[in-house]
Each structure stands twice: as C-alpha cells, then as structure tokens.
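Chemist: Here it is: the structure, laid out below.
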Amino acid sequence: MTMMTPKEIETLIQSAMPNADVQVLDPMNDGVHLSAVIVSRDFEGQNRINRHRMVYKALGDAFSGPIHALQMSTLTPDEHKAKQS
C-alpha cells in the first residue's frame, strides 16, 4: 500500500473543503502517524464529531487505505485565533 504525503492529504481535504486552511504534518517522520489542523467557517455550529465526519468524507477511501492514523484539530477561524492567543 502506497503512503500519502502530508501535501497530498492537504490537497484532498482542500479539494472537498475549498474554504479550509489545512496543514498536515508528519511529527514522527514515519509517513503513517499524521497530524492535521483544519480551520474552516464550515465548522461553525458543528460539534467535533460532525467536523471530523466532514474531513473523513473529504478523504474518502484514503482513510481506509493509505492513511493509517490522522490526529485532527478541526477549528473555526475564531477558535483558531483564540487558541493562538
């Protein structure tokens, strides 16, 4: 099974969620355990489970295949701004 690069995952998410700011990192540098921060107004009014479902939908079959583990932080722009403070 071919692993996906963080950039490929970013592109996949941004294709389905064009208003999102997406950053995917490989903190363990193993190509398997990835971390993503996704900031989008589309998350406003959504709970964490629904936000993650939106991202899983964007990833499609990639999550059941080449992506082994993806830790996600799904934030609205206001939440992201508050977290940066």
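Chemist: On a straight-distance basis, which aspartates and glutamates could pair with residue 57 in a cross-link, Cα separation under 18 angstrom, same-chain partners fewer than 8 positions away excluded?
Modeler: 8, 10, 21, 42, 44
Chemist: Of 28, 17, 54, which is the most mobile in a GNM of the chain whose springs link Cα atoms less than 10 angstrom apart?
Modeler: Its mean-square fluctuation being the largest, the pick is 28.
Chemist: Once amide H atoms are built 1.01 Å from N in the peptide plane, which residues 5 or more positions from residue 72, or in another chain, come under 5 Å H to H?
Modeler: Under 5 Å from the amide H of residue 72: 36.
Chemist: Continuing with the same structure: Just how large is the dipole of the chain about the Cα centre, in debye to the nearest 20, putting +1 at every Lys and Arg Cβ and -1 at every Asp and Glu Cβ?
Modeler: Computed about the Cα centre, the dipole is about 220 debye.
Chemist: Considering only DSSP beta bridges where both residues belong to region 6-84, give the percentage that are antiparallel (nearest 5).
Modeler: In region 6-84, approximately 40 percent of DSSP beta bridges are antiparallel ones.
Chemist: For region 6-84, what is the convex hull volume of its Cα atoms per residue in Å³?
Modeler: Taking only Cα atoms, region 6-84 has a hull volume of 85 Å³ per residue.
Read the figures in this text as sums done on the coordinates, not as results from a lab. Computed from a prediction, not measured in an experiment: that's the story for all the values here. Cβ sites come from the backbone with ideal geometry, for glycine too, and all protein chains shown count toward neighbours.
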